[in-house]
Amino acid sequence: MGRIYESISDLVGRTPLLHIKQYEKKYDLKASIYAKLEYYNPNQSSKDRIATSMIDDAEKNGKIKPGDTILEMTSGNTGIGVAAVAASRGYKSKIYLEDDVSEERFQSIRAFGGEALRFGEDPIIGEALRESGNNFVYAIQKYKDEVLSKTNDVHFLDQDHNLANPRIHELTTGPEIWEDTEGDIDILVAGIGTGGTISGSGKYLKEKKKDIHLVAVQPGLDSRKNLEHPDVEGIVGIHALDALPEERIPLSMNMDIVDEFVNVETQDAKIAAREIAKTDGILVGLSSGAALHAAKIIANKPKNKGKNIVVVLPDSGLRYLSTDLFED
Ligand code: PMP
């Protein structure tokens, strides 16, 4: 009947590309920038794509049954997407969040009936973190061994190592960008957390046009999240991966596909998020600001004059109103 959707999962994707003309004008940019507005997803971030695809994949492979608990560890957006999709399909959700994420993320997950807690609040993970000096890999392994291996009712999605993550970007984000630009794209800019966005959409786009330049955005050295110095500010959701040893790189990340890494400081990311709100009227989050700042630097290079840049803006600024993001 008409254009009626039957589930929030059917509302995921097909997000618009906005030509951010006023931002270009303000900085006198030499290239065109098209912003992919991922806050058009049903729960306002690109992570709605992977929440749906990882749960679809678990269902298809018989890994979850009605009433089970779906577990995820996240900087927030994935948890919100997972809690929403879980609610809509009759699963429980339990989400572990990093300490420094905004309060809105906890509130959203709880609104969907999910359980939201900080890593340190779990007795096993908390103790493992303390005894290992904040070694997350060790703490999560301990949790898998001591908790997950002993239950059949809890399913850990594990976005960092779940190939349904990059796959959905290859199947949706990449093709959307290709179709909406009619193939007239030269450069793709995206932040890296799990690496799913850039690896999946980048794979599709490079198969279509092999010389598309892929730029991965990560936090700069002095804004790099440092667990030994928790007072150092990071950029929520994005992580520096080029300095990690091979065994620590998420499976969802394909390092070989990236042509260029750009480091962005937190302060520059904030300025970009504030600016785009004022120039083009779009409210985006901190990692979007980081991606936008990187896109601006690239658009300013003389060699990129006249080129078309697509920048992925992963979430909404509404999710940051309790932080100082827009307080300039
Ligand atoms: N921005 C935000 C706000 C995020 O939460 C994340 C992922 N945690 C990213 C960017 C990075 O996306 P991806 O995981 O696909 O690399």
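Read-outs: derived from the displayed coordinates by stated rules, not from any lab. Just so we're clear, the structure is a prediction, and the values are computed from it rather than from any experiment. No Cβ is skipped: glycine too gets one built from the backbone with ideal geometry, and neighbour counts run over all protein chains shown.
Counting only helices (runs of 4 or more DSSP H) that fall entirely inside the stretch 122-218 and contain at least 3 residues that are in contact (Cβ under 8 Å) with a residue 40 or more places away in the chain and closer than 17 Å to residue 314 by Cα, the qualifying elements are 164-168, 196-208.
Within the stretch 230-276, the set of residues being within 13 Å of residue 193 (Cβ to Cβ) and surrounded by 17 or more Cβ atoms within 10 Å (Cβ to Cβ) comprises 234, 235, 236, 237, 238, 239, 240, 241, 250, 252, 253.
When we screen 109, 80 for residues that are buried (at least 24 other Cβ atoms within 10 Å of the Cβ) and touching a Gly at 6+ places or on another chain (Cβ under 6 Å), the only hit is 109. Applying the condition of being in contact (Cβ under 8 Å) with a residue 60 or more places away in the chain and touching a Lys or Arg at 6+ places or on another chain (Cβ under 8 Å) to the stretch 30-44 and asking which residue is surrounded by the most Cβ atoms within 10 Å (Cβ to Cβ) yields 33. For the structure I just gave you, tell me whether residue 150 is more than 16 Å from the ligand (Cβ to nearest atom), under 27 Å from residue 65 (Cβ atoms) and surrounded by 15 or more Cβ atoms within 10 Å (Cβ to Cβ). So residue 150 does not fit the description; no. State yes or no: is residue 109 without any contact (Cβ under 8 Å) to a residue 40 or more places away in the chain, within 13 Å of the ligand (Cβ to nearest atom) and under 28 Å from residue 234 (Cα atoms)? No, not satisfied.
Please determine, by comparing only the residues of the stretch 285-311 that are farther than 14 Å from residue 262 by Cβ and of a type in the set (D, E, K, R), which one is nearest to the ligand (Cβ to nearest atom). My answer is 307.
Of the residues in the stretch 85-101, not one is closer than 24 Å to residue 168 by Cα, in contact (Cβ under 8 Å) with a residue 12 or more places away in the chain, among the basic types (Lys, Arg) and buried (at least 22 other Cβ atoms within 10 Å of the Cβ).
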